[in-house]
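The structure appears right after this line, and notes come after that.
The values are calculated or read from the model by the stated rules, or taken from the named source; none is laboratory data. From a predicted model like this one, the values you see are computed outputs, not experimental measurements. With ideal geometry, Cβ positions are generated from the backbone for all residues, glycine too; neighbour counts draw on all protein chains shown.
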């Protein structure tokens with residue numbers, strides 16, 4: 001079984017990795033080729049779509065990073081992880097929860113639930 005805390009910390013860090021090759025390596029290591037990702041921006045499928053989403057996230061929120069808000073929970077083949085996202089000046093500007101469905105040691109489907117605070 002994977003270490004859920006390490007796994008989800010790597011997923012969250014992946015979104016804001018500035019090194020494109022390192023980000024592609026992280027995507028390949030953590031997601032199935034045909035993985036689906038659901039977010040308030042829509043549905044994405046496959047490694048290339050995840051890469052484009054990461055680029056978009058970085059262009060919209062430069063310098064923002066993710067941090068786990070608490071230890072992830074594992075139930076069967078699913079991981080639920082709560083997180084914070086924001087710039088260094090307001091690292092908890094946004095909070096949310098990722099719900100990942102695994103197939104083996106990689107994500108088959110990822111749902112991102114986002115809450116934006118009024119202070120963001």
Please state which of the following conditions residue 107 fails to meet, knowing it meets all the rest: (1) at pLDDT below 95; (2) surrounded by 12 or more Cβ atoms within 10 Å (Cβ to Cβ); (3) touching a helix residue (DSSP H, G or I) at 6+ places or on another chain (Cβ under 9 Å); (4) outside any helix (DSSP H, G or I).
-> (1)
Check the stretch 32-52 and report whether any residue there is in a loop (DSSP other than H, G, I, E, B), at pLDDT 95 or above and crowded, with 16+ Cβ neighbours inside 10 Å.
-> yes
Among (1) buried (at least 16 other Cβ atoms within 10 Å of the Cβ); (2) in contact with a helix residue (DSSP H, G or I) (Cβ under 9 Å, 6 or more places away or on another chain); (3) under 15 Å from residue 13 (Cβ atoms) - the single one residue 67 does not satisfy | (1)
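Looking only at the stretch 86-98, how many residues end up being out of contact with any helix residue (DSSP H, G or I) (no Cβ under 8 Å at 6 or more places or on another chain) and surrounded by 15 or more Cβ atoms within 10 Å (Cβ to Cβ)?
Going through the stretch 86-98 one residue at a time, the tally reaches 6.
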Out of the stretch 4-20, which residues are at pLDDT below 95 and exposed (fewer than 12 other Cβ atoms within 10 Å of the Cβ)?
-> 18, 19, 20
Given the structure, is residue 57 farther than 22 Å from residue 3 by Cα, part of a helix (DSSP H, G or I), within 13 Å of the chain's Cα centre (by Cα) and touching a residue at least 40 places away in the same chain (Cβ under 8 Å)?
-> yes
Taking the stretch 8-19 on its own, how many of its residues are touching a helix residue (DSSP H, G or I) at 6+ places or on another chain (Cβ under 8 Å) and either assigned to a helix (DSSP H, G or I) or farther than 13 Å from residue 56 by Cα (or both)?
-> 5
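Identify the residue in the stretch 60-81 that is assigned to a loop (DSSP other than H, G, I, E, B) and out of contact with any strand residue (DSSP E or B) (no Cβ under 8 Å at 6 or more places or on another chain) and, among all such residues, is nearest to residue 3 (Cα to Cα).
Restricting to residues being assigned to a loop (DSSP other than H, G, I, E, B) and out of contact with any strand residue (DSSP E or B) (no Cβ under 8 Å at 6 or more places or on another chain), the top hit is 71.
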All positions within the stretch 82-104 that are in a strand (DSSP E or B) and closer than 18 Å to residue 32 by Cβ = 98, 99, 100, 101, 102, 103
Just one of 37, 31 is under 20 Å from residue 116 (Cα atoms) and touching a residue at least 60 places away in the same chain (Cβ under 8 Å); which is it?
-> 37
